[in-house]
Structure formats: C-alpha cells, structure tokens
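Visitor: Structure in structure tokens, see below.
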Amino acid sequence: MIAFGVGEPDFDTPEHIKDAAIAAMKKGCGKYTAVSGTPELRAAAAADLNAAHGTAHTAESVIVSVGAKHSLFNLFMAMLDDGDEVIVPSPCWVSYPEIVAMAGGKPVLVETSPDDGYQLHYESLARAVTPKTRAIVLNSPTNPTGAVYGKEAMEAVARVLRENKEVYAVTDDIYRKLVYGVEWLSLPRVAPDLADRVILVDGVSKTYAMTGWRIGFTAGPKELIKAMDTLQGQSTTNAAAVAQAAAVAALTGAQDSVLAMHGEFDKRRHAMVEGLRAIPKVKLHEPRGAFYCFPDVSAYVGGKVKDDVALAEWLLDKGRVAVVPGSGFFAPGFIRLSYATSMANVNEGVKRIGEALALLAG
Ligand SMILES: Cc1ncc(COP(=O)(O)O)c(C=O)c1O
C-alpha cells in the first residue's frame, strides 16, 4: 500500500533539534513553564515572524500553544461570540470551519477556482462580509491545493479589511517555508497599515518535521493574546517544556536541514505533477507550496464510482494507493495526494493511480 494521505513530512526531526531537546532534559526542564511559553521561545517566534512579516512583535505579543491547530482553537474560542462569522476561502483544511463552529461562530466559505490558481478576489470576499464578520482566514500555501496567494489576492484582502474596520485577518502560515519557484507574500508586508489587524498563526510542525512535538504559536493584539492565555491557563497550561526547547533550536539554529527537505519535496512535486498530468482527463493546477497535489478527477466519477469518496476507495482497492477525497476539503470531484513520501513511492503510486483510473475509463 502506498500512502499519499499523510499530512506530515516523512523526514525525521533534524539531529540538532533532537540534540537541543536532549540537552534541555539533561539540564532539567521537568517543570511547568509560563502558560504562554518560555521567554526564549516567545522571543524566537517573535523574531521569526518579524523577519517574515516586517512586524514589530515582542515576546509579550506571542503565545505558544500545543501545535498550530491548538493555536487556532484558542484563538477562535477567545475571539468569537455566538453567531460571529469567519470567512474561509475553500477548498480548505477541514479544521477551520469545524473550529469556528465549535467556538460558536459561523464559517462562511468563499469558493476559489483552479482556473486562476485558487486566488482570492475582492468581489467574492466583499460579498461575503456582513456586520457579523469578525475574520478572514488566509492559508498560503493552502492545504489542500498548494496554492500560494499572489499580490492581487493579498491586495484584495487588504481592501476588504480597509473597508471593514471590525474585520481581522487570521493568517495560518504553517507551510510558508515550503514554497517552490514563486514568491511567498506576507499580508502585513503588502499592507503595513493593517499589521495590527493581522493575527499570525504559525509553528514548527511542517517546516522542521516536528508534527509530533506539538508546538504552534500566535502573534496578535495583546488583549487577544491575554484572552488566549486565560483560556489556555484553564485547559492545557503550557506546551511541553522539552518541545519548547526543541522549537527554539529549530527557529534559531542552522536552517540547512530545512533547505534539504525543501529541495527533496520540490523534486517529488515535479515528479507527481508530471505523472498526474500524464493521466488522461486528470486536471491539475500546479501546486506551488506545502506538499500536496490536488487533482480534479471528476471525469472519473458519476459512473461506476459515484463520487470522490468512492473513487478513493477504488484507488485503495484496485491500486493499493491511499488518497484523501476532495469533499473533505469542500471540493467534490477532487482528491488530495501528499508527496511527503519517497520518490520511489511517488513514481509507483502515480503509476498505479493511472492504471486504476484506466479501469474506469473502459
Ligand atoms: C493548514 C494547516 N494548519 C495547521 C495545521 C496543524 O498544524 P499543527 O500540527 O502544528 O497543529 C495543519 C496540519 O495539517 C494544516 O494543514
């Protein structure tokens, strides 16, 4: 079985990060830290975010949580009142609408299209804004499409924010260091006047192959960070102290391993894109970030297999390849494949998908 379903790097955490964790344990890190995280990690996260976004965050405007998902959960719990609306461009990671709904809010999906690389447009965003809108979620590169937002998309968001002073942008930049051949853009850099209405969510999980360590962080207005601290103080308290020490090493240490993983992902991306595009009737907008391909396989559904969920079962059964159905990301007729697996698996898995789909074409 070849697993294209996974949403995490296949690489192990780089050695120098593991060494930093071991050293921290030897030195003694068995105690609670401050709820919002160690001063070292909050400062390292602020510096990393400031370098990317041109912002002026300090350790005090950052809170460390148990992964970026936890950051988003605490953020929306702290931010939303019942019935508040959050605009989420789709296709999207399923946790955004789920977390917003759990926090009592209403997710409002705004569709994007593969025809223009899943870019955002002023008109569709502006149409979705109501007096109840509190935030717009931006996830660039996007899970599941791998889309990276260009200047026009960022300016569209900025225009909507300028016209609606109560609305915040929440940028989930967890994949921002995994971008291939295009420029990654930061909203606060495109629109510095809006920097204090952009809430930054980020972490070490994907870039540093640290999904299991569970470290994410949020930077934003001090009242919001304080409210998240209150919530976190009565739930998880701090993220694991040893994982925080490892995250400091990830953010402040040598970045060669990130470059090496990036290079490897890019090679696999090329191979997967080429392989998928060679399959008749499969359409694919070239992903420019993260580690996913999101092909349109709608030509193969509606007959012997009724939808993308049945198609994923077909691929598992006939091709022994696991993929994620697109309807889980609000994109029926698509499937998501992760190339966070070996080049041999990429080549063999895509070949098997072609063969399994050919059985449907006949
Ligand atoms: C878009 C996006 N944001 C956040 C996360 C979660 O990150 P973490 O593992 O740090 O909670 C994921 C993981 O799949 C993701 O795809």
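Visitor: Given the residues Ser71, Ser113, Ser95, which is the only one that is over 21 Å from Ala191 (Cα atoms), within 16 Å of the chain's Cα centre (by Cα), surrounded by fewer than 16 Cβ atoms within 10 Å (Cβ to Cβ) and not acidic (Asp, Glu)?
Guide: Matching residue, one of Ser71, Ser113, Ser95: Ser95.
Visitor: Another question about this same structure. Quick one: in the range 208-229, which of the residues that are more than 21 Å from Leu251 (Cβ to Cβ) and among the basic types (Lys, Arg) is modelled with the highest pLDDT?
Guide: Applying the first criterion (more than 21 Å from Leu251 (Cβ to Cβ)) to the range 208-229 yields 221-224, 226-227.
Right, trim to among the basic types (Lys, Arg) and you get 222, 226.
On the way: Lys222: 95, Lys226: 98.
The qualifying residue modelled with the highest pLDDT is Lys226.
Visitor: If you go through the range 24-51, how many residues are more than 19 Å from Trp213 (Cα to Cα) and either within 16 Å of the ligand (Cβ to nearest atom) or among the polar types (S, T, N, Q) (or both)?
Guide: Qualifying residue count for the region: 2.
Visitor: Take the residues of the range 299-309 that are surrounded by 16 or more Cβ atoms within 10 Å (Cβ to Cβ) and of a type outside the set (Asp, Glu): which is nearest to the chain's Cα centre (by Cα)?
Guide: The selected residue is Val309.
Visitor: Right, another one. Can you list residue pairs whose Cβ atoms sit under 6 Å apart, with the first residue in the range 342-362 being free of Cβ contacts under 8 Å to residues at least 60 places away in the same chain and within 20 Å of Lys306 (Cα to Cα) and the second being surrounded by 13 or more Cβ atoms within 10 Å (Cβ to Cβ) and of a type outside the set (D, E, K, R)? Count only pairs 6 or more apart in sequence or on different chains.
Guide: Ala356/Leu315; Ala356/Gly319
Visitor: Where the second residue is at pLDDT 95 or above and away from the ligand (no atom under 11 Å from the Cβ) and the first is within 20 Å of Glu8 (Cα to Cα) and outside the structural domain of Leu185 (by TED's automatic domain parsing) and lies in the range 55-70, which pairs have Cβ atoms under 7 Å and are six or more apart or on separate chains?
Guide: Within 7 Å, no pair qualifies.
Visitor: For the range 140-154, what are the residues that are surrounded by fewer than 24 Cβ atoms within 10 Å (Cβ to Cβ) and outside any helix (DSSP H, G or I)?
Guide: Within the range 140-154, Gly150 is the sole residue that qualifies.
Visitor: Right, something else. What's the number of the only condition in (1) within 14 Å of the ligand (Cβ to nearest atom); (2) more than 18 Å from Asp172 (Cα to Cα) that Gln255 fails to meet?
Guide: The one condition Gln255 does not meet is (1).
Visitor: Can you tell me which residue in the range 235-254 is farthest from the chain's Cα centre (by Cα), limited to those that are assigned to a loop (DSSP other than H, G, I, E, B) and closer than 16 Å to Thr211 by Cα?
Guide: Ala240
Visitor: Let me ask another. With respect to Met77, is the statement that it is in a helix (DSSP H, G or I), assigned by TED's automatic domain parsing to the domain that holds Ser140 and within 16 Å of the ligand (Cβ to nearest atom) true? Before the answer, list the steps.
Guide: Working: in a helix (DSSP H, G or I): yes; assigned by TED's automatic domain parsing to the domain that holds Ser140: yes; within 16 Å of the ligand (Cβ to nearest atom): yes.
Here the answer is yes, as Met77 does meet what is asked.
Visitor: Tell me, please, whether a residue that is in the same structural domain as Ala21 (by TED's automatic domain parsing) and either more than 24 Å from Ala169 (Cα to Cα) or hydrophobic (A, V, I, L, M, F, W, C) (or both) can be found in the range 216-223.
Guide: Yes.
Visitor: Would you confirm, using the coordinates I've provided, whether His16 is modelled with pLDDT of 95 or more, within 21 Å of the chain's Cα centre (by Cα) and under 30 Å from Arg268 (Cα atoms)?
Guide: No: the conditions fail for His16.
Visitor: Within the group Ser205, Ser257, which residue is modelled with pLDDT of 95 or more, farther than 30 Å from Lys165 by Cβ, of a type in the set (S, T, N, Q) and not in a loop (DSSP other than H, G, I, E, B)? First the steps, then the outcome.
Guide: Numbers: Ser205 fails: not in a loop (DSSP other than H, G, I, E, B).
Answer to the check: Ser257.
Visitor: Let me ask something else. Checking the conditions here, which among Tyr180, Tyr175 is touching a residue at least 60 places away in the same chain (Cβ under 8 Å) and away from the ligand (no atom under 16 Å from the Cβ)?
Guide: That would be Tyr180, the only listed residue that is touching a residue at least 60 places away in the same chain (Cβ under 8 Å) and away from the ligand (no atom under 16 Å from the Cβ).
Visitor: Moving to a separate point now. For residues that are aliphatic (A, V, I, L, M), buried (at least 19 other Cβ atoms within 10 Å of the Cβ) and touching a residue at least 60 places away in the same chain (Cβ under 8 Å), tally how many sit in the range 28-43.
Guide: 2
Visitor: List every residue pair whose Cβ atoms sit under 7 Å apart, with the two residues 6 or more apart in sequence or on different chains, where the first one lies in the range 187-206 and is free of Cβ contacts under 8 Å to residues at least 60 places away in the same chain and the second, anywhere, is near the ligand (Cβ under 9 Å from one of its atoms) and not in a helix (DSSP H, G or I).
Guide: Val204/Met210; Val204/Ile215
The values are calculated or read from the model by the stated rules, or taken from the named source; none is laboratory data. Here the structure is a predicted model, which means the values were calculated and not measured. Here the Cβ is made from the backbone with ideal geometry for all residues, glycine too, and neighbour counts use every protein chain on show.
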